[in-house]
């Protein structure tokens with residue numbers, strides 16, 4: 001088993017409260033019928049959530065990510081590979097779930113992904 005796959009499995013098992021809350025809204029095409037996967041290896045990175053059809057990556061950040069140069073480099077790499085990256089603070093996911101979901105919906109629409117009311 002590749003190291004990235006092993007790490008991704010561990011991250012899926014040991015998710016944060018914010019990841020757990022957002023995954024409950026994304027899984028099984030619950031948000032606009034879009035298919036999301038969690039803790040997906042892409043090159044040397046593991047992204048929190050990916051909607052491959054929309055080329056949309058969702059990253060949830062805790063306080064350790066404030067003004068992180070490595071996060072900037074990671075985002076630049078992923079955007080260079082053709083992905084759009086949305087970053088949300090864990091606190092926003094937990095305190096403003098509706099706003100976070102609306103921002104994700106907007107990004108799905110902008111991407112041209114066919115969405116449903118599901």
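Just so it is clear, none of the values below were taken in a lab; they were calculated from the coordinates. Note that this is a predicted model, so its numbers are computed, not measured. All Cβ positions, glycine included, derive from the backbone under ideal geometry; neighbour counts span all protein chains shown.
Could you compute the FRET efficiency for residue 69 and residue 28, with r as their C-beta to C-beta distance and R0 at 41 Å, rounded to 0.05? After rounding, the FRET efficiency stands at 0.70. Rounded to the nearest 0.05, what FRET efficiency do residue 35 and residue 98 have when you use their Cβ-Cβ distance and R0 = 25 Å? It comes out at approximately 0.70. Taking the Kirkwood radius as Rh and the Cα radius of gyration as Rg, the chain has a ratio of Rg/Rh equal to 0.94.
Most exposed first by the Cβ proxy, i.e. fewest other Cβ within 10 Å, how do 43, 92 rank? Please list the in-between numbers first.
Numbers: 43 11, 92 16.
So the residues, fewest neighbours to most, are 43, 92.
When DSSP beta bridges are restricted to pairs lying wholly in the chain, around 55% turn out antiparallel. Annotation for residue 42 and residue 6: the two label points, set 7 Å from Cα along the Cα-Cβ direction, are 2.4 nm apart.
Run the paramagnetic zone check for residue 15: 7 angstrom along Cα to Cβ, then residues of region 34-48 with backbone nitrogen under 12 Å. Once the point is set 7 Å along Cα→Cβ of residue 15, 36-40, 48 turn out to lie under 12 Å by backbone N, inside region 34-48.
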